[in-house]
Amino acid sequence: MSVTPELTVEGSRDVYAVGDIAAIDANKAGIAGSQAKIAAANIRSWLAGDAERVSYTPAPPVIILPLGPEGGSGQLPGGEIAGTELISRIKGQDMMTGRYAEMLNIPG
Ligand SMILES: Cc1cc2nc3c(=O)[nH]c(=O)nc-3n(C[C@H](O)[C@H](O)[C@H](O)COP(=O)(O)OP(=O)(O)OC[C@H]3O[C@@H](n4cnc5c(N)ncnc54)[C@H](O)[C@@H]3O)c2cc1C
């Protein structure tokens, strides 16, 4: 679905779309989260009667690809290749479940 840089659906002023359904960036969980922050900020501004809106800027390509808890590879936002140690630390140990549990306030 086409969206504006403010993440409203094309042709609508107050319907927002984020994540895979929004045709503005790659389909990735982290990107959906970044877009949600922009949409939430714009909805808050709208509710406050503030005319200011923030725009979403598509992210540079990134991939974090663990191979088991200790292995893997990836590409960082600047194009640098990430080694196994960094990949393991970011994602390999728990596939980011800890990060999402914390975000959703789920006890460990
Ligand atoms: C195999 C696989 C591996 C992936 N690996 C990664 C990865 O390593 N890293 C990464 O960043 N991204 C990864 N992704 C992409 C990531 O999962 C998506 O980009 C992310 O889930 C998008 O979130 P979303 O909320 O936009 O959509 P979704 O997570 O698809 O959520 C949409 C929700 O809406 C529900 N829904 C649909 N229609 C209706 C309806 N009519 N009424 C009510 N509910 C409805 C669906 O059931 C679903 O729960 C992967 C995707 C796949 C398929």
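Every number here is computed from the coordinates shown, using simple stated rules; none is lab data. On a predicted model such as this, the values are computed, not experimentally measured, just so you know. Using ideal geometry, Cβ is built from the backbone for each residue, glycine included, and neighbour counts are taken over all protein chains shown.
Structure notes:
- Subset of the stretch 22-39 (residues that are within 16 Å of Val3 (Cα to Cα) and surrounded by 14 or more Cβ atoms within 10 Å (Cβ to Cβ)): Ala22, Ile24, Asp25, Ile31, Ala32, Ser34, Gln35, Ala36, Ile38, Ala39
- Note on the stretch 1-13: residues that are touching a strand residue (DSSP E or B) at 6+ places or on another chain (Cβ under 7 Å) and not hydroxyl-bearing (Ser, Thr, Tyr) amount to 5.
- Where Ile87 falls short, out of the listed (1) out of contact with any Gly (no Cβ under 8 Å at 6 or more places or on another chain); (2) within 15 Å of the ligand (Cβ to nearest atom): (1)
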